[in-house]
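The structure appears right after this line, and notes come after that.
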Amino acid sequence: MTAKSETIKEKTAKGLLWSGLSNGIQQVLNLLFGIVLARQLSQTDYGIIGMLAIFSAIASCMQEGGFIAALNRKKNVTHADYNAVFWMSLMISVCFYLVFFFSAPLIARFYDEPRLTSLARYSFLSFLFVSFSIAPRAYIFRKMMVRESSIISLASLALSGIVGIVMAYQGYAYWGLATQNIVFTLTVSVLNFWYSGWRPSWSINLRPIRELIGFSSKLVFTSIVNAVNSNLLSVLLGRYYTAAEVGNFTQANKWNTMGHSLITSSLYNIAQPVLAKADGDKARQKHIFRKLLRFTAFVSFPAMLTLALVSEEFITILITEKWLSSAHLLRWLCIAGAVMPVSFLFSNLLISRGRSDIYMWCSIGLCASQLLGMLLSVPYGIGRMVMAFSAINILWAFVWFWFSRKEIDLRFSEVLRDVSPYVVLSVSVVACAYHLTSGMGNIYLSLAAKIIFVASTYCAALWLLGSTIFRETVLFITQKKIE
């Protein structure tokens with residue numbers, strides 16, 4: 001093995017370890033903050049905030065503009081490139097804030113919720129703060145400064161969570177949730193500047209944007225489509241159902257997202273940079289991708305299916321029975337959430353290969369399919385709508401594979417060989433846990449028994465079967481030092 005490939009392997013392993021550790025701690029913090037806030041706030045508070053989520057998501061996509069991925073792919077990046085991205089992001093942010101500021105009454109009218117006018121104008125201030133972090137984030141991402149990125153995320157999450165909790169206990173309700181998001185984006189921007197060491201100059205030259213725009217424009221359009229798709233349920237629920245029902249979905253989706261984002265966030269910091277560095281060597285890129293795919297399946301399926309298994313106990317114990325209606329929604333979302341990291345990995349392969357056009361059209365197709373499925377499900381209630389949403393997300397993983405396979409000569413049989421052992425084992429272990437614990441009346445005992453049984457049986461089976469990914473993960477954690 002060459003020195004270069006050794007370097008890539010070490011960076012990948014250390015990056016995954018740092019990302020996994022960081023995201024694990026973040027999810028613990030999210031869990032603690034989420035428990036406290038859910039106990040203090042109502043379904044309506046979460047529902048009102050959930051109605052604005054799609055607008056924030058779209059604005060964030062426009063601000064980022066696909067520039068982080070575009071700068072990552074560019075062979076030689078100069079200060080002028082980062083500087084152009086900084087000023088372009090800032091100008092886009094100011095324009096978007098003004099548009100949404102004056103559109104706030106229209107948003108409130110659409111949902112028939114007058115409180116949204118002032119809340120939207122306040123909440124959208126986060127657009128302005130986020131724009132300052134785009135260029136330094138691109139610098140940190142390209143340099144694979146995973147440790148620094150982890151510190152930034154943890155510090156921002158901790159500070160914003162504390163602010164949100166204090167405001168909730170002071171009676172600010174949904175205003176506390178909005179402030180929490182603003183504090184998070186502001187802290188992220190400040191710390192990205194601090195750790196990157198990069199500083200903008202007053203010499204504003206946007207010409208480098210022309211070189212990036214061909215690739216990034218497709219990514220930003222796709223990001224908008226993905227943002228719409230991710231928040232499609234919240235929009236339709238807000239239109240056709242009550243704020244409380246939107247709040248139940250928002251709560252379920254939050255826990256589901258926390259689960260699968262632990263995996264996708266770790267992959268995001270690693271997949272694109274590592275696959276891009278192997279560009280030009282298709283065999284090497286395929287080897288890296290398949291190893292990432294096995295690791296993703298190894299973690300994602302048991303984790304998300306276990307969360308689906310314990311959804312009722314989880315919701316009842318952590319955030320009380322008032323949220324129990326969200327448990328069955330969480331169960332279906334988690335089943336789809338098990339597949340999402342796999343789809344995410346395929347989409348990142350397309351980006352690393354420079355196929356932002358395919359990535360864009362696949363995302364548009366997914367969004368269109370989701371919209372059709374949601375509209376057809378409206379008369380049958382929120383439960384059927386979430387089931388349709390989840391089913392389409394699962395099936396779309398095959399579409400991502402179909403368009404990714406030619407990029408690295410990947411065969412379906414290879415994907416099955418990489419993924420199916422972990423899928424079959426996870427489903428089998430979770431099914432056994434369900435039947436063995438079905439008679440337990442104590443929810444605390446039931447929760448503990450299900451988790452312990454799944455974790456111990458899954459790990460024991462992988463060890464006995466000689467799983468390479470499992471053994472390598474255990475050896476790396478126990479023998480390697482984090483540098």
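Laboratory data are not the source of any read-out in this text; all were calculated from the coordinates shown. All figures in this text were calculated on a predicted structure; none of them were measured in a lab. No Cβ is skipped: glycine too gets one built from the backbone with ideal geometry, and neighbour counts run over all protein chains shown.
The phi-based Karplus calculation (6.51 cos²θ - 1.76 cosθ + 1.60; θ = phi - 60°) puts the 3J(HN,Hα) values of the stretch 77-89 at 10, 10, 4, 4, 5, 5, 5, 5, 5, 4, 6, 5, 4 Hz, whole numbers, x for Gly and Pro. Length gain on complete extension for the stretch V99 to R405, per 0.36 nm per residue less the alpha carbon to alpha carbon distance? Extending this stretch completely gives an extra 106.1 nm. How would you classify the stretch 292-436 from its alpha-carbon gyration tensor, with a ≥ b ≥ c the square roots of the eigenvalues: rounded for a/c under 1.5, else prolate if a/b is greater than b/c, otherwise oblate? The shape class here is oblate. What is the distance in Å between the Cα centres of the stretch 284-341 and the stretch 405-427? Cα centroid to Cα centroid, the span is 19 Å.
Out of every Cα-Cα pair that the stretch 376-464 contains, those further apart than 20 angstrom amount to 60 percent. Across the stretch 128-137, rounded Karplus estimates of 3J(HN,Hα) from the backbone phi angles (6.51 cos²θ - 1.76 cosθ + 1.60, θ = phi - 60°) give 5, 5, 4, 4, 5, 9, 4, 5, x, 5 Hz, Gly and Pro being marked x. Among the chymotrypsin sites (Phe, Trp or Tyr not before Pro) within the stretch 364-414, not one is in coil by DSSP while having at most 11 neighbouring Cβ atoms inside 10 Å.
Approximating the spin labels as points 7 Å out from Cα along Cα→Cβ, the H79-to-R384 distance works out to 6.2 nm. Listed peptides 321-330, 440-449 appear in the order 321-330, 440-449 once ranked by packing, highest mean of other Cβ atoms within 10 Å at the front. Could you tally the net charge around T316, taking each other residue with its Cβ under 15 Å from the Cβ of T316, Lys/Arg +1 and Asp/Glu -1? Result for the neighbourhood of T316: +1.
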